[in-house]
Amino acid sequence: MADHASLTHRSPRSARFALALGLGLGLASCLVAPGSARAAATSAKPSKEALVTFAGFQAHADGSSQLWVEMTERRNVQVTQKGMSLVYLIEGAKIRIRNNENPLRAEYFSANVLSAKLDRTKQGVTFTVTLRTATETRFRIVDQATGTASLQVEVPPPLKPVPPSAG
């Protein structure tokens, strides 16, 4: 039996993600501390329309978790903190499949993530991650061998174990 649980929103076009996730060629990373606003700009030069194809969540047995957003090409990402939420702006990206805008509800896991949601904005796509407790998170943008890219967010476990919400 696996020691983790995962949730994903997946479009039919993103079936290659499971293979592509393990084939990262390059990355940019950033540490986000509670109460800070950081921006990590990548050297993305848009050559075509960048689409966000899906978002996913994986909770690990130790309470840590990982979230990711799959994109058709690398884009600049800026992150800001608003209370207990981290907002990642994927500049110039678009969401074509409405189902990808449904929230990933993680409150039922003992992870430090309550939810994550993709939204359309004039500047691109936002990926809002709502945390259970304040913590430092890390994110990176990973280029895949297939020419796609993914935004990956690592969230450590809460300092005190928290039982999942009863649903």
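The values are calculated or read from the model by the stated rules, or taken from the named source; none is laboratory data. In this text, all values refer to a predicted model and were calculated from it rather than measured experimentally. We place every Cβ from the backbone using ideal geometry, glycine too, and count neighbours over all the protein chains shown.
One residue stands out in the range 141-160 among those that are exposed (fewer than 15 other Cβ atoms within 10 Å of the Cβ) and of a type in the set (A, V, I, L, M, F, W, C): the one that is nearest to PHE54 (Cα to Cα), namely ALA145. Within the range 109-119, none of the residues are over 15 Å from the mean Cα position of the chain (by Cα), under 15 Å from VAL87 (Cα atoms) and not aromatic (Phe, Trp, Tyr). The residue pairs whose first member lies in the range 86-113 and is more than 19 Å from THR137 (Cβ to Cβ), whose second member is among the aromatic types (Phe, Trp, Tyr), and whose beta carbons are closer than 8 Å, counting only pairs six or more residues apart or on different chains, are ASN100/PHE54. Tell me which residues, restricted to the range 57-104, are surrounded by 18 or more Cβ atoms within 10 Å (Cβ to Cβ) and among the basic types (Lys, Arg). Residues satisfying the conditions are ARG74, ARG75.
A count restricted to the range 70-104 and to residues that are part of a strand (DSSP E or B), out of contact with any helix residue (DSSP H, G or I) (no Cβ under 9 Å at 6 or more places or on another chain) and not hydroxyl-bearing (Ser, Thr, Tyr) stands at 14.
Annotation: LEU31 fulfils all but one of (1) out of contact with any helix residue (DSSP H, G or I) (no Cβ under 8 Å at 6 or more places or on another chain); (2) part of a strand (DSSP E or B); (3) modelled with pLDDT of 90 or more; the unmet one is (3). Residues that are under 16 Å from GLN66 (Cα atoms), assigned to a loop (DSSP other than H, G, I, E, B) and touching an Asp or Glu at 6+ places or on another chain (Cβ under 9 Å) within the range 118-151 comprise just one, ARG132.
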